[in-house]
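See structure below.
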Amino acid sequence: MASCVSDTARALGCRDGAAATHLKFISLFVIFFTSVIGITTPVLLARFFQGKPVYDKAILIIKCFAAGVILSTSLVHVLPDAFAALSDCQVASRHPWKDFPFAGLVTLIGALLALFVDLTASSHVEHGHKPSGDYLPVGTHDVTVGKKVGNTHSDLSNEELVKLKQRLVSQVLEIGIIFHSVIIGVTMGMSQNQCTIRPLVAALAFHQIFEGMGLGGCIAQAGFRMGTVAYMCLMFSATTPMGILLGMMVFSVTGYDDSSPNALIMEGILGSLSSGILIYMALVDLIAADFFHNKLMGSHTWLKKGSLIALALGSTSMSILAIWA
């Protein structure tokens, strides 16, 4: 209880609604444009390399960097924030929040939910497109393992299955990231603490660049039509600014700020759910799919090393940002 009192006293010294609102309006434009830069960079790079001999290798390196960013986002940013929200003294002193580690439970539910969606959609795609008599493992790039050798039509169908799987991964991944972006935006929009918001604007700008690169890398490989790519990029870029506006409206209507118990509970639950989805997608559909089932990775030792370096760089760059955001 003493820590709650000291935290409240410290927050009151920085509480300035007018200054906080001014910073939020600046952040709307900064975060939107940095999000656009982040998510379009890998998409444009993929377009640049398309049709060239190094296209597949370049896409693989970009995707490994993206996987590192997504994994770091879930484990270093989203999950600790969710645990912190549900461990706050205003929440942890109440039943049932003090009786059970709900952040871990909801993270588990998020991972199992992502698995269920993955299995259901993959099964639907496989049964809807699999040629008669062939066994075609969905989600792998190795077309020679676990299937009968068929004709050209069979190989093309398998290639289509892989592409459909990649599109599914990109869409589920965007859902998890949008959850995270909404939480960040609403929390910032409800806050009246200018001392918190000021450094957060710059930190979130870099955060959105790297997170956008992570999602953009997956979108680039999925081969969506230009209209779909533009829509997905716009959704990612606009979600955090929309969350900030939503948070400002919630504060103006209810008077709740980001430190109210109800806001903390909502932040903790949605953050845990998002974290579970992102952890599953990063480990299973991005890292495992490429490092264990990609023919390119097995046939080029230098590519495997380069992919590991890209994975490490993506993880490291996003983890360093946790110092500020």
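The values are calculated or read from the model by the stated rules, or taken from the named source; none is laboratory data. Predicted model only: the values in this text are computed from it and were never measured. Cβ placement follows ideal geometry from the backbone for every residue including glycine, while neighbour counts extend to all protein chains displayed. Areas reflect the complete protein model, heavy atoms only, side chains present, ligands, DNA and RNA absent. Shrake-Rupley method; radii C 1.70, N 1.55, O 1.52, S 1.80 Å.
With the requirement that a residue be among the aromatic types (Phe, Trp, Tyr) and surrounded by fewer than 18 Cβ atoms within 10 Å (Cβ to Cβ), what does the stretch 53-82 give you? Break it down into steps so the answer makes sense when it comes.
Of the residues in the stretch 53-82, the ones among the aromatic types (Phe, Trp, Tyr) are 55, 65.
Result: TYR55, single match.
Over 30 Å from ASP56 (Cβ atoms), at pLDDT 90 or above and open to solvent by 10 Å² or more (accessible area, probe 1.4 Å), is that true of PRO199? No, not satisfied.
Just checking, does the stretch 23-40 include any residue being in a helix (DSSP H, G or I), within 27 Å of LEU200 (Cα to Cα), over 26 Å from the mean Cα position of the chain (by Cα) and without any contact (Cβ under 8 Å) to a residue 40 or more places away in the chain? The answer is no, given that none of the residues of the stretch 23-40 is in a helix (DSSP H, G or I), within 27 Å of LEU200 (Cα to Cα), over 26 Å from the mean Cα position of the chain (by Cα) and without any contact (Cβ under 8 Å) to a residue 40 or more places away in the chain.
All conditions but one from (1) under 21 Å from VAL162 (Cβ atoms); (2) at pLDDT 85 or above; (3) under 18 Å from the mean Cα position of the chain (by Cα) apply to ALA289; the one that does not is (2).
Look at (1) farther than 18 Å from ASN262 by Cβ; (2) not in a loop (DSSP other than H, G, I, E, B) and you find that PRO53 fails only one, number (2).
Residues are listed down the side, and each one gets a yes or a no for (1) touching a Lys or Arg at 6+ places or on another chain (Cβ under 9 Å); (2) modelled with pLDDT of 85 or more; (3) under 24 Å from VAL78 (Cα atoms):
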| position | (1), (2), (3) |
| --- | --- |
| GLY217 | yes, no, yes |
| ALA222 | yes, no, no |
| MET235 | no, yes, yes |
| THR239 | no, yes, yes |
| VAL253 | no, no, no |
| ILE269 | no, yes, yes |
| LEU296 | yes, no, no |
| SER299 | no, no, no |
| TRP302 | no, yes, no |
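Consider only pairs whose beta carbons are under 7 Å apart and that are at least six residues apart or on different chains; among these, list those whose first residue lies in the stretch 47-74 and is over 28 Å from TYR280 (Cα atoms) and whose second residue is in a helix (DSSP H, G or I) and open to solvent by 10 Å² or more (accessible area, probe 1.4 Å). These pairs meet every condition: PHE49/TYR55; PHE49/ALA58.
Cβ-Cβ contacts under 6 Å between residues 6 or more apart (or on different chains), taken from a first residue in the stretch 81-100 that is more than 13 Å from ILE269 (Cβ to Cβ) and aliphatic (A, V, I, L, M) to a second residue that is open to solvent by 60 Å² or more (accessible area, probe 1.4 Å) and assigned to a loop (DSSP other than H, G, I, E, B), are listed as ALA92/LYS98. Filtered by the rule that a residue be over 18 Å from LEU278 (Cβ atoms) and either polar (S, T, N, Q) or in contact with a helix residue (DSSP H, G or I) (Cβ under 6 Å, 6 or more places away or on another chain) (or both), the stretch 314-325 gives a lone residue, TRP324. Note on the stretch 212-293: enclosed helices (runs of 4 or more DSSP H) holding 1 or more residues that are under 21 Å from THR41 (Cβ atoms), open to solvent by 10 Å² or more (accessible area, probe 1.4 Å) and aromatic (Phe, Trp, Tyr) are 226-254. In the stretch 111-132 there is at least one residue matching the filter, namely being open to solvent by 30 Å² or more (accessible area, probe 1.4 Å), modelled with pLDDT under 50 and out of contact with any helix residue (DSSP H, G or I) (no Cβ under 7 Å at 6 or more places or on another chain). Evaluating GLN208 against the criteria (1) part of a helix (DSSP H, G or I); (2) modelled with pLDDT under 85 leaves one unmet condition, (2). Note on the stretch 177-188: among residues that are under 11 Å from the mean Cα position of the chain (by Cα) and open to solvent by 20 Å² or more (accessible area, probe 1.4 Å), the one that is nearest to LEU45 (Cα to Cα) is ILE178. Being within 24 Å of GLY276 (Cβ to Cβ), open to solvent by less than 20 Å² (accessible area, probe 1.4 Å) and hydroxyl-bearing (Ser, Thr, Tyr) is a property that does not hold for SER191.
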